[in-house]
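Chemist: So that we are looking at the same thing, I have put the structure below in structure tokens.
The values are calculated or read from the model by the stated rules, or taken from the named source; none is laboratory data. Computed from a prediction, not measured in an experiment: that's the story for all the values here. Backbone-built Cβ (ideal geometry, glycine too); neighbour counts: all protein chains shown. The protein model used for the area step is the full one, side chains on, heavy atoms only, and it has no ligands, DNA or RNA in it. Shrake-Rupley method; radii C 1.70, N 1.55, O 1.52, S 1.80 Å.
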Amino acid sequence: MTLLVPLYVHPAEEPGAWARLIGAAPRTYAVVLNPASGPGTRPDPAYRAAADALRAAGARLLGYLDTDYGARPAAELTVEFLRHRDWYGVDGCFLDRATAARDDLRACRRVVRSLRRLGATTVVLNPGVHPAPGYLRCADLIVTFEGHWSTYVAAFARPAWTARHPADRFCHLVYGVPGALVPLAVRTAHERGAAVAGPVTGELPNPWREPTPALKDGPHP
């Protein structure tokens, strides 16, 4: 079990959270960098320093790209990835609000191919639900659940096709997890076929202000 960590708070605002994440970097699958709902319009020195420290600590870095469920032009996404790559040295990208329908799969493949040609060695798709099975061929990892702990406990359903694929291709991002239940959230993801998880205690509108408490003492498979 490894951890995917979106940390959506500025390093200058929460330096302690970033320091804890850097210290736990070897236990992560990847860290998602998101300076301004993407890379922003100019390099941020604080993010650059944080990225350098994470990379030196052994973390894989992913640049945040919002696809708006396929509505954003591919050219915009490639420009933003190049900024992430050139400014922060990311290894790949985290495609948020990704499409999930079979009819949108061809367009998603085109976008991913373009990003890989530009150097994205790791591509994570986040539709937040189980997509059509063909999406698994586009990405290294797919987030098949993003939502509140209460929903995860009561309403999660796993399609049969997922059982035919390795658990390390799937991730569950769960927020609103009571602190004492974070180890349980990690174990639950494992039992539901996801070898990568990202449980956090935060709530909307920005649950991802703190790294997961599971980083403090390691994942609990």
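Chemist: To two decimal places, what compactness ratio does segment 48-143 give when its Cα radius of gyration is scaled by 2.2 N^0.38 Å?
Modeler: 1.05
Chemist: Same structure, new question: Jot down the radius of gyration and Dmax of segment 166-221, Cα atoms only, both in angstrom.
Modeler: Just the Cα atoms of segment 166-221 yield Rg and Dmax of 10.7, 32 Å.
Chemist: Shifting gears a bit: Suppose the chain between Arg116 and Ser37 were pulled fully straight at 0.36 nm per residue; how much longer would it get relative to their current alpha carbon spacing?
Modeler: 26.4 nm
Chemist: Further question: Per residue, how large is the accessible surface of segment 84-208? Use a 1.4 angstrom probe and give square angstrom.
Modeler: Averaged over the residues of segment 84-208, the accessible area is 43 Å².
Chemist: How large, in percent, is the carbon and sulfur part of the accessible surface of the chain at a probe radius of 1.4 Å?
Modeler: 53 percent
Chemist: Further question on the same structure: Keeping all protein chains in position, work out how much accessible area Cys93 exposes to a 1.4 Å probe, and write it in Å² to the nearest 10.
Modeler: 0 Å²
Chemist: Something else about it: With an 8 Å cut-off on Cα pairs and a minimum separation of 6 or more residues, tell me the relative contact order of the chain in percent.
Modeler: Relative contact order here is 20 percent.
Chemist: Next up: Once you've got the GNM for the chain with C-alpha springs shorter than 10 Å, pick whichever of Trp149, Trp18, Trp161 has the biggest mean-square fluctuation.
Modeler: Trp161
Chemist: Further, regarding this structure: Have a look at Ala155, Ala49, Ala59 and tell me which one the Gaussian network model of the chain (Cα, springs below 10 Å) gives the largest fluctuation.
Modeler: Ala155
Chemist: Which value, in Å to one decimal place, does the Kirkwood hydrodynamic radius take for the chain when every pair of different Cα atoms is included?
Modeler: Roughly 17.3 Å, rounded to one decimal.
Chemist: Test of understanding: what is the full-extension gain from Asp103 to Val79, defined as 0.36 nm times their sequence separation minus their Cα-Cα distance?
Modeler: Computed gain between Asp103 and Val79 is 6.1 nm.
Chemist: Within the set of other residues whose C-beta is less than 10 Å from the C-beta of Leu7, count the net charge using Lys and Arg as +1 and Asp and Glu as -1.
Modeler: Around Leu7, the surrounding residues sum to 0.
Chemist: Let me ask another. When the chain is treated as a GNM, springs tying every alpha-carbon pair under 10 Å, which of Pro35, Pro45, Pro26 comes out with the largest mean-square fluctuation?
Modeler: Highest fluctuation among the options: Pro45.
Chemist: If each residue of separation counts as 0.36 nm, what is the full-extension length gain between Asp52 and Lys216 once their alpha-carbon separation is subtracted?
Modeler: Answer, rounded to one decimal: 56.9 nm.
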